[in-house]
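The values are calculated or read from the model by the stated rules, or taken from the named source; none is laboratory data. This one's a predicted model, so the numbers in the text were calculated from it and none came from an experiment. Note: accessible area is taken over every heavy atom of the protein model, side chains too, but ligands, DNA and RNA are not part of it. Shrake-Rupley method; radii C 1.70, N 1.55, O 1.52, S 1.80 Å.
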Amino acid sequence: MQVDLYRRRIAATVVELARDDPFLVKEVIARLRTAGEIETDDLVYLDRIADRWIAVAEANAQRGASAHARQARG
């Protein structure tokens, strides 16, 4: 039972990291794949989470830029 709790904590930490710095997570996954440390299909779920947070960040940036443009126009 202790191992399951440990794995859940690690998984939660990694998912949080993917949310906080998705570019870092994608870079580390790419390096691990290139180095042969993990298989091509390993960490696909985490890669998708990072992609989702990158899309969220880009959408937020676009909304912020358009809001700034509206304010500048007056």
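When log10 I(q)/I(0) by the Debye sum over Cα atoms at q = 0.14, 0.27, 0.28 Å⁻¹ is calculated directly from the model, which label among (i) -0.44, -1.36, -1.40; (ii) -0.58, -1.14, -1.17; (iii) -0.35, -1.19, -1.27 fits?
(ii)
Just the accessible area per residue of the chain, please: how many Å² with a 1.4 Å probe? Don't jump to the answer; show the numbers that get you there.
Values: 6130 Å² over 74 residues.
With the other protein chains kept in place, the chain gives 83 Å² per residue.
So what is the relative contact order for the chain, in percent, with contacts set as C-alpha pairs under 8 Å and at least six apart?
Details: 29 pairs, mean separation 23.6, N = 74.
Relative contact order for the chain comes out at 32 percent.
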